[in-house]
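Have a look at the structure below before the remarks.
The values are calculated or read from the model by the stated rules, or taken from the named source; none is laboratory data. Computed from a predicted model, the values in this text were never measured in an experiment. Every residue, glycine as well, gets a Cβ built from its backbone with ideal geometry; the counts of neighbours run over all protein chains shown.
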Amino acid sequence: MFVALKKYTNMKRFYSVLIWVVVCFAMGAFASFLQNDAIIEWYPYLQKSSLTPPSWVFPLAWSILYLLMGISIGLLYGVRSIYSSILYLIFVMQLVLNFLWSIFFFVFRSPLLGLLDIVMLLIFTFLYIVGAFVVKRLSALLFIPYFLWLLFATYLNFYIFLYN
């Protein structure tokens, strides 16, 4: 009976990971759809840092990051901790801030609003990593590439804010 219960829990965790990965990719796809015009009409004409990667890097990087993000939060399913519900809330907040960055930066074409948003996003991402480290270390480790990418994106956003 214990083996059957463990298998059931593992399947529930698998579905949790799958659902969160789909949610992350759906959010990214929707943001990408909304920012498409600005990427064609506005973004190419901005002064950008010489460290700005080629355009093909962004969808590849975000695909990997959305996968890691979904796995990270999905692994927390069924973990009993006083921090679990707080971590879910922090995760959702950072996901909303992630989406809003695309709106602020590309749809509103405001590097300033994007910069303010991404700073908040960094804070929530850091809080998630610290909290997840206490609850499930693998979840925290899976978020580190995302945090590092956000640091780099903050630099790129700040550069565009300064020089445009």
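Details
- Among the residues of the range 25-51, those that are buried (at least 16 other Cβ atoms within 10 Å of the Cβ) and under 25 Å from residue 158 (Cα atoms) comprise 27, 28, 31, 35, 38, 43.
- Pairs where the first residue, in the range 5-30, is within 11 Å of residue 75 (Cα to Cα) and the second is modelled with pLDDT under 90 and surrounded by 12 or more Cβ atoms within 10 Å (Cβ to Cβ), C-beta under 6 Å, 6+ apart: 13/77; 16/77
- Cross-chain or 6+ apart pairs with Cβ under 9 Å, the range 100-121 first and without any contact (Cβ under 8 Å) to a residue 24 or more places away in the chain and closer than 18 Å to residue 30 by Cα, then part of a loop (DSSP other than H, G, I, E, B) and of a type in the set (Gly, Ala, Ser): 104/110
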